[in-house]
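Colleague: So that we are looking at the same thing, I have put the structure below in structure tokens.
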Amino acid sequence: MASRAEKAAEDELLRVFRQHPQGITDDALEAALPQLGMQERVDAVNSLLAANKLQVLEARRLVKSVKNVNNPSRKVYMLAELEPSRELTGGAWYTENQFDSEFINVLREACFSYIVRQGDASLGTIASFIRAKGFSKVELRIEDIQTIVMTLVYDGRVDEVEPEGDDDNEDHYRPAVLCVPDSTPLTDVPCGVCPVVGECQDGGVISPQTCVYYDKWLEF
Ligand code: SF4
């Protein structure tokens, strides 16, 4: 519940907003409520918006609501002309607050094809290629591209190689010399993915001696 001081601040804010239906600058708000710091003003305005007491600002597109990917049930309001931070939106990997695995796969395959075509590509050239293709609505940082390329390295599809020459300080990537297969009989040891591993014990109802998964695996 709002304290008496918070209630008084909200009432004063409402009064100021009603006096300026076309919108108001933060400087004017500060002048009207000098006792509030910037964060307190932001919190007070957000609280009024969340309580639907300032719909007029949204209707006139002076403010917009943004969802926080870390706390989707909490709406945050901000001035319409401002861009929400990556911390709030999740950055390039989120579309409308949902983790966009399809988009990430498109980027992964585009990076992989480019590296295969070039035979050897620096991080900078991969980033230039991806940006030129316009895959993303938000600016992809070099760290974003590196994150994508590193998933290819961890999957064994691409090798990371040292820069060549004194003038070159960029990481380079090449198609993997030794591809890692998706799975092999040796990497698919049944115990590693067993749904009943917690109940398996020597001499038990479920046990290595009676294991059906091992029988099947040993058939390879
Ligand atoms: S021995 Fe068989 S049942 Fe036991 S954990 Fe391994 S796979 Fe699962």
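The values are calculated or read from the model by the stated rules, or taken from the named source; none is laboratory data. Nothing here was measured: the structure is a model prediction, and the numbers come from that model. Methodologically, a virtual Cβ is constructed for each residue, glycine included, from the backbone with ideal geometry; neighbour enumeration extends over all protein chains shown. Only protein heavy atoms, including side chains, enter the accessible area calculation; ligands, DNA and RNA are left aside. Shrake-Rupley method; radii C 1.70, N 1.55, O 1.52, S 1.80 Å.
Colleague: If Phe99, Phe17 are ordered by their accessible area, calculated over protein heavy atoms with a 1.4 Å probe, which sequence runs from highest to lowest? Show your work: numbers first, answer last.
Modeller: On the way: Phe99 120, Phe17 25 Å².
Descending order: Phe99, Phe17.
Colleague: Same structure again: Along Cα→Cβ, 7 Å out, is where each label goes; now give me the distance between the ones at Arg131 and Ser3 in nm to one decimal.
Modeller: The two pseudo-label positions are separated by 4.8 nm.
Colleague: Same structure, new question: Over all alpha-carbon pairs of the stretch 77-178, lay out the pair-distance distribution in 5 Å bins, whole %, shortest bin first.
Modeller: So the P(r) values, bin by bin, are 2, 12, 22, 21, 16, 11, 8, 4, 3, 1, 0.
Colleague: Over the Cα atoms of the stretch 111-171, what radius of gyration and what Dmax do you get, in Å?
Modeller: Answer for the stretch 111-171, Rg first and Dmax second: 11.6, 36 Å.
Colleague: Can you pull the one-decimal nm distance between simple spin-label points at Thr210 and Glu164, each 7 Å off the Cα toward Cβ?
Modeller: Label-label distance for Thr210 and Glu164, simple model: 6.1 nm.
Colleague: Measure off 7 Å from each Cα along the Cα-to-Cβ vector at Val196 and Asn71, then give the distance between these two points in nanometres to one decimal.
Modeller: So the label points at Val196 and Asn71 sit 4.5 nm apart.
Colleague: Cross-link candidates for Lys7: which aspartates and glutamates have Cα within less than 15 Å, leaving aside residues fewer than 8 places away along the same chain?
Modeller: By straight Cα distance, Lys7 reaches Glu40, Asp43.
Colleague: Okay, moving on. What's the extension gain from Arg86 to Met38 if we count 0.36 nm per residue and subtract their Cα-Cα distance?
Modeller: Details: separation 48, 0.36 × 48 = 17.28 nm, distance 2.11 nm.
Result: 15.2 nm gained on full extension.
Colleague: Oh, and also: So between Val153 and Arg117, what do we pick up on full extension, going 0.36 nm a residue minus the alpha carbon distance? Mind showing how you got there, number by number?
Modeller: On the way: separation 36, 0.36 × 36 = 12.96 nm, distance 1.65 nm.
Full extension of this stretch gives 11.3 nm more.
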